[in-house]
Structures are given as C-alpha cells and as structure tokens.
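The values are calculated or read from the model by the stated rules, or taken from the named source; none is laboratory data. Given the structure is predicted, the values throughout are model-derived calculations rather than measurements. For neighbour counting, all protein chains shown are included, and Cβ atoms are generated from backbone atoms with ideal geometry for every residue, glycine included.
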Amino acid sequence: MSTPLLCEGRVVIVTGAGRGLGRSHALAYAAEGARVVVNDLGVGLDGMPGPDSPARQVADEIRAAGGEAVAHGGDIATTEGAASLIRTALEAYGRLDTLVNNAGFLRDRMLVNLDEDDWDAVLRVHLKGHFLPLKHAAAHWRAEAKAGRTPVARVVNTSSGAGLLGSVGQGNYSAAKAGIVGLTLVAAAEMGRYGVQVNAIAPAARTRMTERTFVEAMAMPGTGFDAMAPENVSPLVVWLGSAASAGVTGRVFETEGGRITVMEGWRPGPTADKGARWTPSEAGEATLKLLAEAEVPGAVYGA
C-alpha cells in the first residue's frame, strides 16, 4: 500500500514561486498531492519586470509531471493583486488551504548609501507583500469559520537570519524580515480561533538572491549532498503547510541543509528592580551588571 500524500486535496498558494525557494516549494507541494497556485511577478533581483513568465513555466512543469497548477502574475504587494491571488485559488479549485508567502528581492546598500526608494521598495515587496495576501486569505478563512466550515488552514511566512540577527549592508532587508516575524506572531494569535496556523521560516539556501554569498555548492564529503540547495528547505515548508502540523503555530524555524532549528526570540533576561526611580548613574550601573549576567547576542551577519 502506498503512503498517503501529505497534502492530498489541499490547495496551496506560493508567492514568488517562479524561481529559487518558491519554485522548490511549489514543486514539493505538488509532489505531495497539492493543487498549486504559482505566483510570480517575473521581475529581476532589483524588482524590475523581466521578459519571461516564470510562474507559467513552473505551473507547466507541475502539470507535465501529472499535477495540478495555475499561474498568477499579479503584484501581491497591491490590494488588487493580493485579492486576485486569493480569488484565483477559489475560482480555479473552490478552496484555499495554505498560503506560503515567499516573494522578495534585494537592494543592498550600507545605511549611509541607502536611498529612500530602495528602502521603500524592499519593505513594500517583503513586508507589505506578506501582509496583503495574508489579510485577504485570513478574511476568507474567517468567513468560512463563521459559516460553520472551520478550515484547517496554514500560513508559512519567510523571514531570514538577517531579520533575526541583522546583516551588514541590508538595513532595509533586515528590517522587513524582522517585521515579518512580528506579523507572524500577531497573525497566529488573532487567527487561531478560525482554524488558521501561522509560522515563519528563516531559510538559508542558494538562490538568485544569495548566489553571491554561496558561490560554490556546499557538499558533505562522500555524500554529494548539496547543503545549499533550495530543495532542502521545502520539506519543512510542506509539513508546516499540511494538516499534519496541527498545534504548531506562532513559531520561527531556521532551516538550512539537513538542519532544522526552533528559533527562540525575545524573552526576559536578567532584571533589576529598585522599586523607585533610578538616577541616570544608578540606571547605568545596574544595566552594566545586568549585561554581565546576560547571554551575548549572536553576531550580525557580515560584522
């Protein structure tokens, strides 16, 4: 007897699915039985439109392998684009079960050289491009729950180590990815009553966005295992987007190669309470003592 497919019957949206991690996620979901809406605006690394339609190519690839997929080329960082993305899933397949927010691009600069336009563009695509599809999907799922059809819905957001620790030369990207973590926590708290689980990943893989960092494939000696292949990230994304992940929500997972780590964020550390107002000197002396007891934070990437 064959093993049941993990996402049989589920309808999954993946944004930024024309290349890299998004493409890998879309193919992995299809391999587990999902019907996939493949979204990609078809832009270059700088966010400018490209000449081809990678979303259609990936959808064709899924169908050629015997799966079901439709392409969506709208701009999900606009209200209409995000709304049409959700409508595409509902019109094509009559339901929506999982949303994977993955779309993004880079405009790296040191802070003193970072233009306002480059700041706005990266925050728009990464952070607003997570918020708007999530908003429209959540509205649909809430309506379903209120109609007595509580979904088994899943959202997987894409943060980054840069959003957790910071990354030199990526102030815009780091801020956007940190914002996605905050958005994930709020959405998980707000939407749980409607049958929606929301988690985030902080992946490390070789894509167009990271190829300058990962110049060569990292292969484990004697295995041929390419630790930087984007396909290594997708199994966790598929599981998080499936019904099998019941009870897992409001979490951030770092995933790279064969490694999965539960990331533990801000929580109270050493504390001092005078019970009255500090003087500046007293506050400084107390803070230095607390810092001596505290864990040393992780290094900023590139520092």
query = Which residues, counting only those in segment 270-303, are of a type in the set (A, V, I, L, M) and within 38 Å of the chain's Cα centre (by Cα)?
reply = A272, L288, L290, L291, A292, A294, V296, A299, V300, A303
note = When segment 289-303 is checked residue by residue, the ones that are in contact with a strand residue (DSSP E or B) (Cβ under 9 Å, 6 or more places away or on another chain) and among the basic types (K, R) are none
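Within 30 Å of A175 (Cβ to Cβ), in contact with a helix residue (DSSP H, G or I) (Cβ under 9 Å, 6 or more places away or on another chain) and among the acidic types (D, E) - does that describe any residue in segment 28-35? So that I can check it myself, show each step before the final result.
Residues of segment 28-35 that are within 30 Å of A175 (Cβ to Cβ), as a first pass: 28-29.
Filter once more, so that each one left must be in contact with a helix residue (DSSP H, G or I) (Cβ under 9 Å, 6 or more places away or on another chain): 28-29.
Now restrict to residues that are among the acidic types (D, E): none.
No, every residue in segment 28-35 fails to be within 30 Å of A175 (Cβ to Cβ), in contact with a helix residue (DSSP H, G or I) (Cβ under 9 Å, 6 or more places away or on another chain) and among the acidic types (D, E).
Any idea which of E61, E8 is assigned to a loop (DSSP other than H, G, I, E, B), in contact (Cβ under 8 Å) with a residue 12 or more places away in the chain and of a type in the set (D, E)? Step through it out loud before you land on a result.
Working: E61 fails: assigned to a loop (DSSP other than H, G, I, E, B).
Answer to the selection: E8.
State all residues of segment 18-74 that are touching a Phe, Trp or Tyr at 6+ places or on another chain (Cβ under 6 Å) and either modelled with pLDDT of 95 or more or crowded, with 19+ Cβ neighbours inside 10 Å (or both); if no residue qualifies, say none. Let's see the steps before the verdict.
Initial filter on segment 18-74 (touching a Phe, Trp or Tyr at 6+ places or on another chain (Cβ under 6 Å)): 35-36, 45, 47.
Scanning segment 18-74 gives R35, V36.
Here's the yes/no breakdown for (1) in contact with a strand residue (DSSP E or B) (Cβ under 9 Å, 6 or more places away or on another chain); (2) at pLDDT 95 or above:
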{"residue": "G148", "(1), (2)": "no, yes"}
{"residue": "V155", "(1), (2)": "yes, yes"}
{"residue": "K177", "(1), (2)": "yes, yes"}
{"residue": "I180", "(1), (2)": "yes, yes"}
{"residue": "R208", "(1), (2)": "no, no"}
{"residue": "E211", "(1), (2)": "no, no"}
{"residue": "A217", "(1), (2)": "yes, no"}
{"residue": "G241", "(1), (2)": "yes, yes"}
{"residue": "A246", "(1), (2)": "yes, yes"}
inquiry  = Checking L106 against (1) in contact with a strand residue (DSSP E or B) (Cβ under 6 Å, 6 or more places away or on another chain); (2) under 26 Å from S167 (Cα atoms): exactly one of these is not met. Which one?
reply    = (1)
request  = Go through segment 253-271 residue by residue and tally those that are of a type outside the set (A, V, I, L, M), touching an Asp or Glu at 6+ places or on another chain (Cβ under 8 Å) and in a strand (DSSP E or B).
outcome  = 1
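For segment 253-286: of the residues being among the hydroxyl-bearing types (S, T, Y) and free of Cβ contacts under 8 Å to residues at least 12 places away in the same chain, which is nearest to L164 (Cα to Cα)?
We begin by selecting, within segment 253-286, every residue among the hydroxyl-bearing types (S, T, Y); these are 255, 261, 271, 279, 281.
Then keep just the ones that are free of Cβ contacts under 8 Å to residues at least 12 places away in the same chain; that gives 261, 279, 281.
Numbers: T261: 13, T279: 33, S281: 31 Å.
Here the answer is T261.
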request  = Working only within segment 292-303, note down all residues that are outside any loop (DSSP other than H, G, I, E, B) and either touching a residue at least 12 places away in the same chain (Cβ under 8 Å) or under 22 Å from S174 (Cβ atoms) (or both).
outcome  = E293, Y301
key: Extreme residue, surrounded by the most Cβ atoms within 10 Å (Cβ to Cβ), among residues of segment 79-131 that are over 21 Å from the mean Cα position of the chain (by Cα) and aliphatic (A, V, I, L, M)   = L114
request  = Collect the residues in segment 163-181 that are buried (at least 24 other Cβ atoms within 10 Å of the Cβ) and among the small types (G, A, S), keeping them in residue-number order.
outcome  = G163, A176
